[in-house]
1. Return yes or no: is residue 75 within 15 Å of the chain's Cα centre (by Cα), in contact (Cβ under 8 Å) with a residue 40 or more places away in the chain and buried (at least 17 other Cβ atoms within 10 Å of the Cβ)?
2. Checking residue 163 against (1) in the same structural domain as residue 84 (by TED's automatic domain parsing); (2) over 19 Å from the mean Cα position of the chain (by Cα), which single condition isn't satisfied?
3. Could you identify the single residue in 20, 35 that is within 20 Å of residue 102 (Cα to Cα), modelled with pLDDT of 95 or more and part of a loop (DSSP other than H, G, I, E, B)?
4. Looking at the structure I just gave you, is residue 28 buried (at least 16 other Cβ atoms within 10 Å of the Cβ), modelled with pLDDT under 95 and either in a loop (DSSP other than H, G, I, E, B) or under 16 Å from the mean Cα position of the chain (by Cα) (or both)?
5. Would you mind listing the strands (runs of 3 or more DSSP E) fully within the stretch 88-201 where at least 1 residues are exposed (fewer than 15 other Cβ atoms within 10 Å of the Cβ) and free of Cβ contacts under 8 Å to residues at least 40 places away in the same chain?
6. Of all residues in the stretch 65-83 being assigned to a loop (DSSP other than H, G, I, E, B) and in contact with a helix residue (DSSP H, G or I) (Cβ under 7 Å, 6 or more places away or on another chain), which is nearest to residue 10 (Cα to Cα)?
């Protein structure tokens, strides 16, 4: 299947997670980091999900899934051991739905992700081999370390300075492009953020 790659803005959006186990826990924490308003439907929760509940970070409905639970949801994730429940969730979903480990019941899949501050690299095999996606992710994690997060934080401020000091659009575009060149990336990896910043300032 050919998927359309996209990054979603979930700030303030209602996310419903069916399930309260370890897999659901990972999904819930990721949704919370993205700013979603998370509702969890499950008779049982892991200790970590319970902690998020006590902190009022999630809404918890302590029972199994029922038809109508997905009303006004923007995104839905089902992570239960029941194929019957998962199928019902997929059929009832009026929006984006992901059924863990069941690509045929989803209208979107969740990629393996490398996150370095503002930098997000998503890897997908279109559901063919999640294991290969994870292996590639591990390789990329070595290639793109924490120095990229720090460099991007620097660039966020530095870019504003460049816009003010280089009024010519063509010259400014050329300079900004040089900040993301192959040579700059290699220098970042070999010498680190501090040395690169010294050169630029």
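The values are calculated or read from the model by the stated rules, or taken from the named source; none is laboratory data. Every value quoted in this text rests on a predicted model; they were computed, and no experiment measured them. Backbone-built Cβ (ideal geometry, glycine too); neighbour counts: all protein chains shown.
1. On the way: within 15 Å of the chain's Cα centre (by Cα): yes; in contact (Cβ under 8 Å) with a residue 40 or more places away in the chain: yes; buried (at least 17 other Cβ atoms within 10 Å of the Cβ): yes.
Criteria met by residue 75.
2. Single failed check for residue 163: (1).
3. Details: 35 fails: within 20 Å of residue 102 (Cα to Cα).
Answer to the selection: 20.
4. On the way: buried (at least 16 other Cβ atoms within 10 Å of the Cβ): yes; modelled with pLDDT under 95: no; either in a loop (DSSP other than H, G, I, E, B) or under 16 Å from the mean Cα position of the chain (by Cα) (or both): yes.
So residue 28 does not fit the description; no.
5. On the way: elements: 96-99, 112-116, 119-123.
The strands (runs of 3 or more DSSP E) meeting that bar are 112-116, 119-123.
6. Taking the stretch 65-83 and keeping what is assigned to a loop (DSSP other than H, G, I, E, B), we get 65-74, 79-82.
Applying the additional criterion that residues be in contact with a helix residue (DSSP H, G or I) (Cβ under 7 Å, 6 or more places away or on another chain) yields 65, 67, 70, 79-80.
Details: 65: 23, 67: 23, 70: 16, 79: 19, 80: 23 Å.
My answer is 70.
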